[in-house]
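The values are calculated or read from the model by the stated rules, or taken from the named source; none is laboratory data. Quick caveat, the model's predicted, so the values are computed rather than measured. No Cβ is skipped: glycine too gets one built from the backbone with ideal geometry, and neighbour counts run over all protein chains shown. The accessibility values were calculated without ligands, DNA or RNA, using every heavy atom of the protein model including side chains. Shrake-Rupley method; radii C 1.70, N 1.55, O 1.52, S 1.80 Å.
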Amino acid sequence: MTTVRQKILAYFNKTRFASAREIGRALQLSPATVRHHLRVLASDGRLELTVVHGLDRKGRPEKVYGLPRSALGDNLALLSEALLTEAGTGAQMEALAQHLIGNSNFVGQPLAKRLNLTVEKMNQMSYHARWEAGSEGPRIIFSHCPYAAIIENHPELCRMDASMLKEWMGQPASQLSKIGKEGSSVCVFAVGR
């Protein structure tokens, strides 16, 4: 990354939003130079366009950029850790699974349809799921764990996943492998076992 882009990102760490004109004044750069670097940073995902001013007047509209929400961080892992520690396991995790499932009920559907609908629901929750046929029955595979930040201390989340799969599939689901364990890059659940 160029020094100019590093300076621009450092400027955004001080002020959440800025235009090319504001950055140019602060860093003593031409607005055209700053606009070029802003476009590159936005295309890389390190900045995002937040608003455009002046569409209703003559001249160039002024684009205001900001750091993406993901770069700002959050406290969700710490909050989740505390809530799970307080909630315990067992019935509370079953209730949490039921809450996440909502009104989804796929049990009356053919097996392939249930698998597809289940994968679709899991992907809406950021699991990057897919299913495949196996010699002992279908398997649902997650290539991402949305709880990766806290899963080591809370294996009950894997049991919650199994509960959700059981509810959607109408059959038990048992975990065969877990991301990070024994070199596995995926979580695999066997359906019907």
Which one of GLY24, GLY66 is among the small types (Gly, Ala, Ser), at pLDDT 85 or above and under 27 Å from ALA149 (Cβ atoms)?
GLY66
Scan the stretch 1-20 for residues that are within 12 Å of TYR65 (Cβ to Cβ) and surrounded by 15 or more Cβ atoms within 10 Å (Cβ to Cβ) and jot them down.
ILE8, LEU9, TYR11, PHE12, ALA18, SER19, ALA20
Selection from the stretch 8-34 of residues that are under 33 Å from the mean Cα position of the chain (by Cα) and without any contact (Cβ under 8 Å) to a residue 24 or more places away in the chain:
ALA10, TYR11, LYS14, THR15, GLU22, ILE23
What is the number of the single condition among (1) outside any helix (DSSP H, G or I); (2) surrounded by 13 or more Cβ atoms within 10 Å (Cβ to Cβ); (3) free of Cβ contacts under 8 Å to residues at least 40 places away in the same chain that LYS166 does not meet?
(1)
Applying the selection to the stretch 21-36, what residues are on the phi < 0 side of the Ramachandran plot and open to solvent by 20 Å² or more (accessible area, probe 1.4 Å)?
ARG21, GLU22, ARG25, ALA26, LEU27, LEU29, SER30, PRO31, ALA32, THR33, ARG35, HIS36
Would you check which residues across the stretch 95-121 are closer than 20 Å to ALA190 by Cβ and touching a residue at least 24 places away in the same chain (Cβ under 8 Å) and list them?
ALA97, ILE101, PHE106, VAL107, LEU111, ARG114, LEU115, LEU117, THR118, LYS121
Looking only at the stretch 101-142, and only at residues there that are open to solvent by 60 Å² or more (accessible area, probe 1.4 Å) and among the polar types (S, T, N, Q), the one that is modelled with the highest pLDDT:
ASN116
What tally of residues in the stretch 178-193 results from selecting those that are of a type in the set (A, V, I, L, M, F, W, C) and not in a strand (DSSP E or B)?
2
Pick out the one residue from LEU83, LEU76 that is open to solvent by 50 Å² or more (accessible area, probe 1.4 Å), within 17 Å of MET160 (Cβ to Cβ), within 19 Å of the chain's Cα centre (by Cα) and modelled with pLDDT of 75 or more.
LEU76
Which residue out of ALA133, ALA173, ALA149 is more than 22 Å from GLN98 (Cα to Cα), among the small types (Gly, Ala, Ser) and in contact with a helix residue (DSSP H, G or I) (Cβ under 8 Å, 6 or more places away or on another chain)?
ALA149
Given the conditions (1) at pLDDT below 80; (2) assigned to a loop (DSSP other than H, G, I, E, B); (3) of a type outside the set (Gly, Ala, Ser); (4) open to solvent by less than 90 Å² (accessible area, probe 1.4 Å), which single one is not true for VAL51?
(2)
